[in-house]
Structure formats: structure tokens, C-alpha cells
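The values are calculated or read from the model by the stated rules, or taken from the named source; none is laboratory data. Fair warning: this is a prediction, and the values are worked out from it, not measured in the lab. A quick note on method: Cβ atoms are made from the backbone with ideal geometry, for glycine too, and the neighbour counts reach across all protein chains shown. For the accessible areas, the whole protein counts, side chains as well, though only heavy atoms, and no ligand, DNA or RNA atoms are used. Shrake-Rupley method; radii C 1.70, N 1.55, O 1.52, S 1.80 Å.
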Amino acid sequence: MIKLQNISFDHCIKCTICNVYCPVARVSLFPGPKQSGPDTERFRIKSPELVDSTLKLCSNCKRCEIACPSNVKIADIIQEAKWKYLKRRWFRPRDLILSRTDLMGKFATLFNSIVNFFTRRSIVKFFLYLFIGIPYQKTLPEYENGTFEKHFYKNYPDQNKFPDHVVFFHGCFVNYNNHKLGRDLVKVLNSLNVGVNLVKEKCCGVPLIANGYINKAKKNAQYNINSLSEIHEKSNFKIVSTSSSCTYALKNEYSNLLNLDNSAISNEIEYITKFIYDRFESGNIFKMKPVPLRAAYHSPCHLERLGGVIYTIDLLKRIPGLDLVILHSECCGIAGTYGFKKEYYKLSQDIGKDLFRSIETANPEIVITDCETCALQIEMNTQFKVLHPVNILAMAVKE
Ligand code: SF4
Ligand code: SF4
């Protein structure tokens, strides 16, 4: 089967707009999306020897695809070329740790106090840097006690009482690192008379894709497609996610990059703010109380690629008392696991500098963003706490 991104390079009209939008090309010797994507794909198809190793610098942020007027699947072309042509070591402990989020999460949530104690220690960070190449400057994400799934089944047995329902694809971040976001999602949806259901799920595959573990990414993706299709067929429930990157993968990357058939679910998956926006537009709005905070909003690249930023901003603007500053669209630089690699650390910091500066200039009390890794990057590089839009909506719910 001919894949769309395999021929989309032919649609390039050489306008070079993608180069202007590429955050990596702005701060490094990366030749830019036009050259690394459509321009050299023609040569790579003829001879893999013509591959330029600077391909590996692409962070898969997808900003080039947002800018492209010809819908060239630039980031997907580059991503596939990396898998096909760049040589990798067989055993890569750092990449295994960063990409096996379910395995790490299940283990770490069993012993979370011990794991959190050690990952905060400078000496542990130094050894992680020395032996596996995780930058010692990075703050590592903290783990919760147990999984969100367990917490949900224990604390929310009453979801059947609601007239409407959704399936919540919670993703690894809510399951292992941030239960509060999951609890706030239940609070907000229940306030809209929508009950929350969970199904069996695995990591969406984004870190596996980024680290080149394609067979494992395909297995996870197929598992999620089967599980979500089954419940959707039985119940017709919509599927929502609080992660912009998980949503993008489930909707687009499963078919575009992994070549799997996700047609049964791709139109049923919605990023959470789009789902809530549609409820609000149909008149189903919960009573709100003021949230008197000055907040700066950062739009994540993958949510921009999904076209979902407008719904988040609309919802935040409806919250009384919230003084919202919308930041200029910039990449934060972390790009999932990219910023957690020693070789890309400086690049990732250089990319994020403009965003960090604009946050400091806005001088908010909090920062809001939809992406879990953007939140980590901003908290590491500014003095502000970062919350998800769902956390803010939950604060606005008048009980
Ligand atoms: S995905 Fe991001 S880093 Fe890669 S070429 Fe496109 S804009 Fe540049
Ligand atoms: S933005 Fe699209 S059409 Fe323009 S140069 Fe880049 S890939 Fe080609």
C-alpha cells in the first residue's frame, strides 16, 4: 500500500515556510525540514547512502507540518527515514528506560517514596548522566503511590448514574505521575453529567516511536485500537484524553506512521477541551465560581498540529476572574524524551529560551499548558507552577 507521507514530498512547492517554523534549525546546524524532508527523500529512495545523519536532530515537534501549505507530511517523512537509514546501537539502556513508560511506571508506583527519594538526589542524577546519558540538570518526574486505574475503581464506583458517558484514555502521565489531573477530569465531566469509564490500555507509543522501537510501538497501538474499538462498538461512547500527544498519536500517527488501521476510532477520539467545548456550545455548562489568578497559557506543538488550541483558549476565557495571557506560539524544546538525552540537552534548552523569557515577562502567578512534558520543561526553567486546563476548569466548578 502506498502511504500518503511516502508520496507527499511530491507536493512540496519549495516555499521554505517550514524552515522558518523549525525550532531545531533556528538554533543548530540542522538543515531544516525542507531539506531533510521532501528535498532529500527523493535521493534516499534511490540510495540509502545519500542519507544525511543530521536527520537525527529533528525532534518530531511537527511545527513544520503546521506551517506547510501543501500538507506535506514532513515530520513523518523524517521520522521514517531515521528508522530506516540511521544506524543505532542494539542495546540502548537510556532509550529503553525512557520509552518503557508502562514498565517503569508500574514498578515505580509500587515503591514511589523510595524511587522519588533517590531520583531527587544529585549523586543519583550524576550516575544517571555518567552511565546512561540522562542530563543531570533535569528534574525527573515524580511517581504516585499506586496507579490511577486502581484509585479510580476504588473511589468512583458510581459513574453509571450519569446519563452520558465517555471512555477516558488516561495515558501514562495520569496513571503513574499525576492522579490529580485524572481526579479533576472526573470532577469536571461529572459536573457536565458525563460519567467516566476506563478500558484496558497501554502506553500510546509516542516515546517508543521517538526512540525507534517500532515493533513494540505497533504492538501497543494495536492493543489500544482493539480495546477502544471494542468499547466504542458496544457503547458508542466518545474517547477523550488529557494528553495532546497521546491524542495526536491515537488519531493520526497510528495510521500515518505505524501503518495500522485505526479508522474505527480515529474520529471518535477527542482531546478533552474540544469535548468540553462542544458540551458548553450545546448549552451543557456547569456553574462557575471565580478563579482569581493571573495565568500565562502556552500552546503545545502537538495540540497546535491537532488544531485544538482554540478550544482550550475558549474554555479558559470563560472562567470568571482568570486573567489570561496567551503566550506567543513557541516550542518549549523538550519534545517528549528528546530533552532527556545528554546529546540534545543544550539544543533543547536553546530552543526553549524564548518561551521561558516570555513567561518571565508575562509575570503570571501560574502557567497553563495541555502537555505533560511541556509542563516539566517550564517548571524546570522558570519559577512558576504549571497546571493543565482541566485543573483550572475543576477549580472553577461551583459545587
Ligand atoms: S518536526 Fe520539528 S524539528 Fe523536525 S523538522 Fe519539523 S519543525 Fe523541525
Ligand atoms: S512548507 Fe511544505 S511546501 Fe513549503 S517548502 Fe516546506 S515542505 Fe515544501
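Annotations
- The residue list Y176, Y223, Y213, Y248 contains one member that is farther than 18 Å from P389 by Cα, at pLDDT 95 or above and open to solvent by less than 40 Å² (accessible area, probe 1.4 Å), which is Y176.
- If only residues of segment 63-87 that are at pLDDT below 95 and of a type in the set (K, R) are counted, the one that is nearest to ligand 2 (Cβ to nearest atom) is K73.
- Evaluation of P364 against (1) under 15 Å from P300 (Cα atoms); (2) part of a loop (DSSP other than H, G, I, E, B) (one fails), failing number: (1)
- Condition check for R44: within 9 Å of ligand 1 (Cβ to nearest atom) and surrounded by 13 or more Cβ atoms within 10 Å (Cβ to Cβ): no
- The one condition from (1) surrounded by fewer than 23 Cβ atoms within 10 Å (Cβ to Cβ); (2) at positive phi; (3) touching a residue at least 12 places away in the same chain (Cβ under 8 Å) that I313 does not meet is (2).
- The listed residues are K202, K187, and the only one of them that is outside the structural domain of A81 (by TED's automatic domain parsing), open to solvent by 30 Å² or more (accessible area, probe 1.4 Å), at pLDDT 95 or above and part of a helix (DSSP H, G or I) turns out to be K187.
- Among the residues of segment 10-30, those identified as closer than 16 Å to N60 by Cβ, more than 6 Å from ligand 2 (Cβ to nearest atom) and free of Cβ contacts under 8 Å to residues at least 60 places away in the same chain are Y21, C22, A25, F30.
- Take the conditions (1) within 24 Å of L306 (Cβ to Cβ); (2) open to solvent by less than 80 Å² (accessible area, probe 1.4 Å); (3) part of a helix (DSSP H, G or I); V20 misses just one of them, which is (2).
- Hits in segment 50-68 - residues which are of a type in the set (A, V, I, L, M, F, W, C), closer than 16 Å to P31 by Cβ, assigned to a helix (DSSP H, G or I) and in contact (Cβ under 8 Å) with a residue 12 or more places away in the chain: L55, L57, C64
- Cross-chain or 6+ apart pairs with Cβ under 8 Å, segment 253-271 first and within 21 Å of S8 (Cα to Cα), then among the basic types (K, R) and open to solvent by less than 30 Å² (accessible area, probe 1.4 Å): N256/K3; N256/K73; N259/K3
- Flag for G352 being assigned to a helix (DSSP H, G or I) and either buried (at least 19 other Cβ atoms within 10 Å of the Cβ) or at negative phi (or both): yes
- Screening R357 on (1) exposed (fewer than 15 other Cβ atoms within 10 Å of the Cβ); (2) modelled with pLDDT under 95; (3) over 23 Å from G182 (Cβ atoms) shows it passes everything except condition (2).
- Count of segment 29-48 residues, restricted to those that are at pLDDT 95 or above and of a type in the set (K, R), is 1.
- Matching residues, segment 117-167, being polar (S, T, N, Q), assigned to a loop (DSSP other than H, G, I, E, B) and open to solvent by less than 50 Å² (accessible area, probe 1.4 Å): T147
- Count of segment 53-81 residues, restricted to those that are surrounded by 15 or more Cβ atoms within 10 Å (Cβ to Cβ) and either under 15 Å from V20 (Cα atoms) or assigned by TED's automatic domain parsing to the domain that holds L347 (or both), is 11.
- Cβ pairs under 6 Å, 6+ apart, first in segment 363-392 and over 19 Å from R318 (Cα atoms), second among the charged types (D, E, K, R): V386/E379
- Matching option when the condition is open to solvent by 20 Å² or more (accessible area, probe 1.4 Å) and under 24 Å from V206 (Cβ atoms), among L98, L29, L50: L98
- Per-region count, segment 31-57, residues within 13 Å of ligand 2 (Cβ to nearest atom) and within 25 Å of T373 (Cβ to Cβ): 4
- Filter result for V51 (modelled with pLDDT of 95 or more, of a type in the set (V, I, T) and closer than 24 Å to L258 by Cβ): no
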